[in-house]
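Structure record follows, encoded as structure tokens.
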Amino acid sequence: MRIIAGSFRGLTLAALGKGDAGKHLRPTSDRVREALFSHLLGGRYGDPISGARVLDLFAGTGALGLEALSRGAAHVTFVDDGRVAGGLIRRNVELTRSADSTRLHRRDATRLEANPDAPHDLIFLDPPYGKSMGERALARAGEGGWIAPGALVVWEESGPPQIPEGAEMEDQRRYGDTVITVLRLG
């Protein structure tokens, strides 16, 4: 796994090793990440990354958030409660030397407390597939003040997710067994 573009371009991220099957640690492939970021920066959304505050829910390895940081995001907050994921995120932050622009919350994304900081403009949501955890995490993040009005949500699932009330679906694409849904929150 590597960073595709930007200031960290070509950097190989920490190896997943045996992963963490119990936490459904399933990193987004380089191919899907490349297609996703090309789509986000393809003009339809302007530039949702430069200067953005990014919230990476169910962050896993942190690859999505770090790719955004590499491409000009101002800050990334990673949320994951997995022991293995936390170690991978910390190692990848070290590799990218991005500690000053990141924060790791070792929490269940469906049980976020109130946000102690500014809200986020771009949300990556990559929950365990088929468990309805994305819906719960997005609702909780909204209630806790983690999400800025008009934020863009990039949701990775095995199928189309349940779109929350007040959100508008911008796009949906399938990449093998992965469905990427882009939402704009009201």
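Evaluate region 88-102: report whether one residue or more is under 22 Å from G186 (Cα atoms), of a type in the set (A, V, I, L, M, F, W, C) and surrounded by 15 or more Cβ atoms within 10 Å (Cβ to Cβ).
No, there is no match, as no residue in region 88-102 is under 22 Å from G186 (Cα atoms), of a type in the set (A, V, I, L, M, F, W, C) and surrounded by 15 or more Cβ atoms within 10 Å (Cβ to Cβ).
What residue, among those in region 160-178 that are at pLDDT below 90 and assigned to a strand (DSSP E or B), is surrounded by the fewest Cβ atoms within 10 Å (Cβ to Cβ)?
Y175
Touching a strand residue (DSSP E or B) at 6+ places or on another chain (Cβ under 8 Å), without any contact (Cβ under 8 Å) to a residue 24 or more places away in the chain and in a strand (DSSP E or B) - does that describe any residue in region 119-128?
No, region 119-128 contains no residue that is touching a strand residue (DSSP E or B) at 6+ places or on another chain (Cβ under 8 Å), without any contact (Cβ under 8 Å) to a residue 24 or more places away in the chain and in a strand (DSSP E or B).
Please state which of the following conditions A114 fails to meet, knowing it meets all the rest: (1) of a type in the set (A, V, I, L, M, F, W, C); (2) under 17 Å from the mean Cα position of the chain (by Cα); (3) modelled with pLDDT of 95 or more.
Tallying (1) of a type in the set (A, V, I, L, M, F, W, C); (2) under 17 Å from the mean Cα position of the chain (by Cα); (3) modelled with pLDDT of 95 or more, A114 fails exactly one: (2).
Run I123 past the list (1) farther than 14 Å from I3 by Cβ; (2) modelled with pLDDT of 95 or more; (3) surrounded by fewer than 21 Cβ atoms within 10 Å (Cβ to Cβ); (4) touching a Leu at 6+ places or on another chain (Cβ under 8 Å) and report the number of the one that doesn't hold.
In the conditions (1) farther than 14 Å from I3 by Cβ; (2) modelled with pLDDT of 95 or more; (3) surrounded by fewer than 21 Cβ atoms within 10 Å (Cβ to Cβ); (4) touching a Leu at 6+ places or on another chain (Cβ under 8 Å), I123 misses (3) alone.
Only one of these is among the basic types (K, R), modelled with pLDDT of 90 or more and closer than 23 Å to T181 by Cα: R53, R44. Name it.
It is R53.
Which of the residues belonging to region 136-145 are in contact (Cβ under 8 Å) with a residue 40 or more places away in the chain and either in contact with a helix residue (DSSP H, G or I) (Cβ under 8 Å, 6 or more places away or on another chain) or surrounded by fewer than 24 Cβ atoms within 10 Å (Cβ to Cβ) (or both)?
Once the filter is applied, which keeps residues that are in contact (Cβ under 8 Å) with a residue 40 or more places away in the chain and either in contact with a helix residue (DSSP H, G or I) (Cβ under 8 Å, 6 or more places away or on another chain) or surrounded by fewer than 24 Cβ atoms within 10 Å (Cβ to Cβ) (or both), region 136-145 yields A137, A141, G142.
Which one of T110, T181 is buried (at least 18 other Cβ atoms within 10 Å of the Cβ), in a strand (DSSP E or B) and of a type in the set (S, T, N, Q)?
Sole residue among the options that is buried (at least 18 other Cβ atoms within 10 Å of the Cβ), in a strand (DSSP E or B) and of a type in the set (S, T, N, Q): T181.
The values are calculated or read from the model by the stated rules, or taken from the named source; none is laboratory data. Note that the structure is predicted; figures quoted are calculated from it, not measured. Quick reminder, even Gly has a Cβ in these numbers, built from the backbone with ideal geometry, and neighbours come from all protein chains shown.
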